[in-house]
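Take a look at the structure below.
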Amino acid sequence: MNPDRCFGGSLLVLIGMFTNVLGAFIGINIGTDVSSMPSASEVVSIIKTHRITHVRLYDADSHMLKALADSGIEVTVGVTNEEVLGIGESASAAAAWVNKNVASYVPSTNITAIAVGSEVLTSIPHAAPILVTAMNNLHKALVASNLNFQVKVSSPQPLDIIPEPFPPCTAAFNSSPNSTVYQLLQFLNNTNSYFMLNAYPYYGYTNGNGIFPIDYALFKPLPSVKQIVDPNTLFHYNSMFDVMVDATYYSMDALNFSGIPIVVTETGWPWQGGPNEPDATVENAGTFINYLIRRVSNDSGPPSRPNIPINTYIYELFNEDKRPGPVSEKNWGVLYTNGTAVFPLSFSGSSQIMGNATTVFCVAKDDASEGKLQDGLNWACGQGQANCSVIQSGQPCYLPNNTKNHASYAYNDYYQRMHTVGATCDFGGTATITSNDPSYRSCIFTGSSNSSAREGLLPPGAFGPVSPLGESMKLLVSKVRYVISAACLLIILL
């Protein structure tokens with residue numbers, strides 16, 4: 001074991017001290033193998049409604065690129081696997097591609113990256129020898145168009161190119177110094193780009209023969225006796241996702257590339273599967289995605305790179321029902337094509353109100369304890385007289401069958417009926433106001449105008465369990481201090 005590998009990464013830690021100021025983002029992949037695909041303008045409208053700030057296209061569809069104009073949404077466009085060979089063989093083809101699919105849309109459409117192919121090294125290995133040449137040709141075309149600083153070039157690769165990702169500290173690419181992986185890393189390093197990683201804990205779990213518990217794949221907290229520890233570094237890994245990211249960092253270290261950040265270009269969890277896919281459920285998918293958003297939004301990296309945020313794109317926006325393969329392959333979408341969520345979902349990573357929303361909801365906090373949520377749910381359905389019939393078995397809001405989901409519906413029903421006469425959204429500190437519509441499938445949450453959301457204006461305890469006002473004020477002061485500190489740091493850096 002090389003100690004420098006297991007305790008290195010100081011360059012990326014230094015970089016992270018600055019990139020962390022901006023925070024991490026959650027984006028979304030938009031596949032098009034959908035039988036009833038909405039129009040491009042409808043898709044963009046859905047994206048805006050859910051406050052999604054980054055999208056990845058698998059091609060460079062002109063309708064989508066036009067619809068995304070003036071939205072401010074950051075866009076990664078894709079070179080399809082079928083196009084890689086032609087662009088790798090011809091610099092003029094690369095220049096024509098950039099002129100047609102990038103230069104003609106910026107700056108109105110905020111294109112910031114080109115993803116060259118999709119898992120080329122494993123899906124079309126015959127094109128692997130020419131992959132980096134294609135990337136170089138595209139980069140040179142961007143330089144010629146004076147777009148190389150705005151638009152980065154990379155290529156999404158699967159975790160499969162790392163044969164043994166655990167323990168992360170000893171992980172290594174299945175490659176040699178003259179391999180395509182080495183050339184790819186050289187290109188990324190020379191152009192200040194980033195490594196695009198497709199990381200799927202779902203497959204890590206289902207193909208793992210029971211080595212790791214499912215809670216580990218779903219980001220759920222593990223008891224101390226079950227926590228996963230790298231025996232070499234003694235780093236504790238709270239999720240399989242973090243192991244996958246760190247294994248990739250250590251694999252780059254093994255080839256002496258320690259300054260290339262990672263962006264996870266695909267991760268997700270299917271919410272429906274066939275008879276032999278018992279773990280593809282709505283509840284598991286909802287748990288994974290919401291914990292993922294919370295994980296990424298805390299702006300930290302994996303144990304070896306704690307200051308490097310893990311920018312991540314969820315796979316995917318809609319179900320691609322036309323895709324071949326098992327049932328699960330068609331059911332990764334987090335939204336239906338009408339824009340409603342498959343399961344309760346908030347892309348912001350926070351349930352607090354954002355922007356100038358006009359409709360608000362009262363929902364359970366993500367970090368509320370199970371016991372306190374149960375107390376709040378019991379009160380809402382009992383003394384609070386909320387309509388809890390729809391969270392009973394067989395009813396529209398029963399699934400996902402967990403306390404947080406049921407409490408959110410009960411809290412909101414009580415709040416919407418009673419806030420105009422002084423009721424608060426608190427429930428012992430387990431509830432919060434949000435402008436993100438928690439409705440999903442046929443489970444519809446009633447919303448109200450935020451102009452009448454009068455939290456805390458009447459004496460606490462008048463309607464529902466309430467926590468001291470001081471806690472809310474402490475949170476507000478803390479946020480203000482954070483913003484001021486960040487602003488001061490930016491001024492110093494400038």
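Some notes on this structure:
- Over the range 361-434, accessible surface divided per residue gives 40 Å², non-protein components excluded, 1.4 Å probe.
- Each peptide among 222-230, 74-82 gets the average number of other Cβ atoms lying within 10 Å of its residues, and from highest to lowest they stand as 74-82, 222-230.
- Considering all different alpha carbon pairs of the range 47-160, the Kirkwood hydrodynamic radius works out to 14.2 Å.
- Residue-count net charge about residue 288 - beta-carbon cut-off 15 Å; Lys, Arg +1, Asp, Glu -1: -4
- Base-10 log of normalised Debye intensity for the range 361-434 (one unit scatterer per alpha-carbon) at q = 0.27, 0.28 Å⁻¹: -1.31, -1.38
- Residue-count net charge about residue 99 - beta-carbon cut-off 15 Å; Lys, Arg +1, Asp, Glu -1: +1
- With K and R counted +1 and D and E -1, the other residues having a Cβ less than 9 Å from that of residue 134 yield a net charge of -2.
- Karplus-derived HN-Hα couplings along the range 58-69 (A = 6.51, B = -1.76, C = 1.60, θ = phi - 60°), whole Hz, x at Gly and Pro: 8, 9, 10, 4, 5, 5, 5, 5, 5, 5, 7, 4
- Surface share of carbon and sulfur [accessible, 1.4 angstrom probe, percent] for the range 39-191: 49 percent
- Rg and Dmax of the range 29-85, Cα atoms only, in Å: 11.5, 38
- Long-range amide H partners of residue 386 with built H, under 5 Å: 381
- Percent of Cα pairs exceeding the 38 Å cut-off, where the set is the range 26-335: 11 percent
- Annotation: peptides 121-129, 304-312, ranked by per-residue average of other Cβ atoms within 10 Å with the highest first, follow the order 304-312, 121-129.
- Order of exposure, largest accessible area first, which applies to 205, 249 with probe 1.4 Å: 205, 249
- Close amide H pairs (under 5 Å, H built 1.01 Å from N) link residue 111 with 75, residues at least 5 positions away or on another chain.
- With a simple spin-label model that places each label point 7 Å from the Cα along the Cα-to-Cβ direction, the separation between residue 232 and residue 390 comes to 5.3 nm.
- When only Cα pairs below 8 angstrom with a gap of at least 6 residues are kept, the range 29-161 shows a relative contact order of 24 percent.
- The range 207-354 - Rg over Rh from alpha carbon coordinates, Kirkwood radius: 0.98
- Remark on residue 300: its backbone amide H falls under 5 Å from those of 310, a criterion applied only to residues 5 or more positions apart or on other chains, H modelled at 1.01 Å from N.
- Alpha-carbon centroid distance for the pair the range 371-426 / the range 239-297, whole angstrom: 32 Å
- Over the range 135-182, the fraction of Cα-Cα pairs per 5 Å bin, rounded to whole percents and listed from the shortest bin up, is 5, 17, 18, 16, 12, 13, 12, 6, 1.
The values are calculated or read from the model by the stated rules, or taken from the named source; none is laboratory data. Since the model is a prediction, treat every value here as computed from it, not as a measurement. Please note: Cβ atoms are built from the backbone with ideal geometry, for glycine as well, and neighbour counts cover all protein chains shown. Protein only, heavy atoms only, side chains kept; ligands, DNA and RNA dropped before computing areas. Shrake-Rupley method; radii C 1.70, N 1.55, O 1.52, S 1.80 Å.
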